[in-house]
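None of the figures in this text is laboratory data; all of them are computed from the coordinates on show. Everything numeric in this text was worked out from a predicted model, so none of it was measured. Cβ: placed from backbone, ideal geometry, glycine included. Neighbour counts: every protein chain shown.
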Amino acid sequence: QVQLVESGGGLVQPGGSLRLSCAASGSIFRLNAMGWYRQAPGKQRELVASITSSGSTNYADSVKGRFTISRDNAKNTVYLQMSSLKPEDTAVYHCNANYINARTFVGLDAWGQGTLVTVSS
């Protein structure tokens, strides 16, 4: 089993910045793509950004140019640098990882518990 632990959420003023981190641990043979999703109150969960194991990235149109996803493969950690934050970025941000289980060699998905980001003055 794999655990994802997120950190870095909080309250920030519009125009401010935050950096989210997500560390994976457990029975990991290989981490494949990792990503960040968010869910605002009353809305469906949406993809914010994703990154492959080789570093290719993908962003939602709403965050392009403001958010940057990166990863440290040696630490099994993915980051989301968020800048120029807007009130509409307020949501619970969840980390996701696709991985190969070290015992079964089956591909699986893991989710973090989420971290709240609130953008408000």
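Here are the numbers for the structure shown:
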{"quantity": "Eligible lysines near LYS64 by straight Cα distance, threshold 16 Å, same-chain separation 8 or greater", "calculated": "LYS86"}
{"quantity": "Charge dipole of the chain about the Cα centre (unit charges at C-beta), most positive-ward option of SER84, GLY16, ALA110", "calculated": "ALA110"}
{"quantity": "Extension gain (nm, one decimal) between ALA102 and THR68, 0.36 nm per residue minus Cα-Cα", "calculated": "9.3 nm"}
{"quantity": "Extent along principal axes [Cα atoms of the chain; Å; largest to smallest]", "calculated": "48, 26, 22"}
{"quantity": "Extension gain (nm, one decimal) between ASP61 and ARG45, 0.36 nm per residue minus Cα-Cα", "calculated": "4.3 nm"}
{"quantity": "Estimated FRET transfer efficiency when R0 is 35 angstrom, pair SER121-PHE29 (beta carbons, to 0.05)", "calculated": "0.15"}
{"quantity": "Size of electric dipole in the chain: Cβ of Lys, Arg +1 and of Asp, Glu -1, about Cα centre, debye, nearest 20", "calculated": "140 debye"}
{"quantity": "Cα-based shape type of the range 21-67, given that a ≥ b ≥ c are square roots of the gyration tensor eigenvalues and the cut on a/c is 1.5", "calculated": "oblate"}
